[in-house]
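Chemist: My questions will all concern the structure given below.
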Amino acid sequence: MLISYLLAQIICMRYFFLFLLLANHSLFAQQQIDAKAIFNIGGIKQSVRIKGKDVANPLILFLHGGPGGSLMQKIDKISGKLQQHFVVVHWDQRETGETLRLNKTTEPLTLQLFYNDARDLVDTLLRKFQRSKLYLVGYSWGSGLGFYIADKYPELLYAYIPVSPLIDQWRSDSISLAMLKKKMGNNARKELAQVEIPFENAEQLYYHRKWLLKHGGQKFVGLSLPKSFFQSWAVTWFGVFLRSCDVNRFQSIPAINCPVYFFAGDKDYHTNYTITQEYFNRITAPKKDLFLFENAGHSLPETHYNEFQDIIIKMILTETLDR
């Protein structure tokens, strides 16, 4: 009887240790995520793409440019490295991409509507992933949404990362208009002579952006498509675009109460890099830095994607994540 009892105890102990081994393996194993999700944000269905090597890694949310722009076809290019260290979330904003295919917006498009959407999405992600903070990247138009979150809800962010940011856009456009009138040829000057800052209509914006991108050696959709295509964009977006340009962040956000890391290209005349430098020097924050990329324009996350991601991983993540 004693021998049988001892044998039974040995067998139980073996199963117990096997259970511990399997439990520990399950506990510490990496769980990859690659998902499309639809959240109810601002009263409509809004689409996000979530990718990461390990679901336990910190969240990082990208706010795309535009307005009306989507980078969903480029997410592996601009955030593939980040997926090894973060759970990366990309969002198609209302009236854009997959969210537009799911449903149209029936209410007027206002800045506050997009601000509220961004806040709702941040809250939703933190709740679903059971986190208290995330990293936030705001690119071009998206930087305005990001500044709102960083200003109003800094406690939700490990860090805010504005990229090619909108800071004092009417001054930026005035600088670039004067530059183009000086440097471009007669055909350009004839069209640019019709442009006023702030823009009075979509045609003026079309001429300005057309020659600004040509000056930077970039192709512009309006050069291969009729002006009516650009004007159709303006039917939806011109009003809220103007309101985003009205915001002067030197005045509205002199301080941010979370770490902030600026990215700018020294050939960015769209959101002029000198204004980004000036704002960086003035703003107060617990931690701040400015990464100025040589020979980079407005689209630096798409053209300098390796360096862009390396800085986030090797510097920003290391400095800011609460372990």
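Chemist: Only one of these is touching an Asp or Glu at 6+ places or on another chain (Cβ under 7 Å) and of a type in the set (Ser, Thr, Tyr): Tyr269, Tyr273. Name it.
Modeler: Unique residue meeting the criteria: Tyr273.
Chemist: I've got another one for you. Any idea which residue in the stretch 73-95 is nearest to His304 (Cα to Cα), counting only those that are more than 12 Å from the chain's Cα centre (by Cα) and open to solvent by less than 10 Å² (accessible area, probe 1.4 Å)?
Modeler: This residue is Leu82.
Chemist: Can you name every residue in the stretch 146-173 that is polar (S, T, N, Q) and either in a strand (DSSP E or B) or closer than 26 Å to Thr318 by Cβ (or both)?
Modeler: Ser164
Chemist: Another question about this same structure. If Ser176 satisfies every condition in (1) within 26 Å of Phe291 (Cβ to Cβ); (2) in contact with a Lys or Arg (Cβ under 7 Å, 6 or more places away or on another chain) but one, which is the exception?
Modeler: (2)
Chemist: Looking only at the stretch 40-72, filter to residues that are open to solvent by 40 Å² or more (accessible area, probe 1.4 Å) and of a type in the set (Lys, Arg); which one of those is farthest from Ala234 (Cα to Cα)?
Modeler: Lys53
Chemist: Confirm whether Lys104 is surrounded by fewer than 16 Cβ atoms within 10 Å (Cβ to Cβ), in contact with a helix residue (DSSP H, G or I) (Cβ under 9 Å, 6 or more places away or on another chain) and of a type in the set (Lys, Arg).
Modeler: It is false that Lys104 is surrounded by fewer than 16 Cβ atoms within 10 Å (Cβ to Cβ), in contact with a helix residue (DSSP H, G or I) (Cβ under 9 Å, 6 or more places away or on another chain) and of a type in the set (Lys, Arg).
Chemist: Return the pairs, sorted by first residue and then second, in which the second residue is of a type in the set (Lys, Arg), the first residue lies in the stretch 287-303 and is open to solvent by 70 Å² or more (accessible area, probe 1.4 Å), the beta carbons are less than 8 Å apart, and the residues are 6+ apart or on different chains.
Modeler: Asn295/Lys267
Chemist: Restricting the search to the stretch 126-145, which residues are surrounded by fewer than 22 Cβ atoms within 10 Å (Cβ to Cβ) and part of a helix (DSSP H, G or I)?
Modeler: Listed by number, the residues that qualify are Leu126, Arg127, Lys128.
Chemist: A follow-up question, please. Scanning the stretch 247-256 for residues that are touching a strand residue (DSSP E or B) at 6+ places or on another chain (Cβ under 9 Å) and either open to solvent by 10 Å² or more (accessible area, probe 1.4 Å) or not in a loop (DSSP other than H, G, I, E, B) (or both), which turns out nearest to Phe147 (Cα to Cα)?
Modeler: Arg249
The values are calculated or read from the model by the stated rules, or taken from the named source; none is laboratory data. This structure is a prediction, so every number in the text was calculated from the model and none was measured. Because the Cβ atoms are built from the backbone with ideal geometry, glycine has one as well, and the counts that use them run over all protein chains shown. Quick note on the areas: whole protein, heavy atoms, side chains included, nothing else; ligands and nucleic acids left out. Shrake-Rupley method; radii C 1.70, N 1.55, O 1.52, S 1.80 Å.
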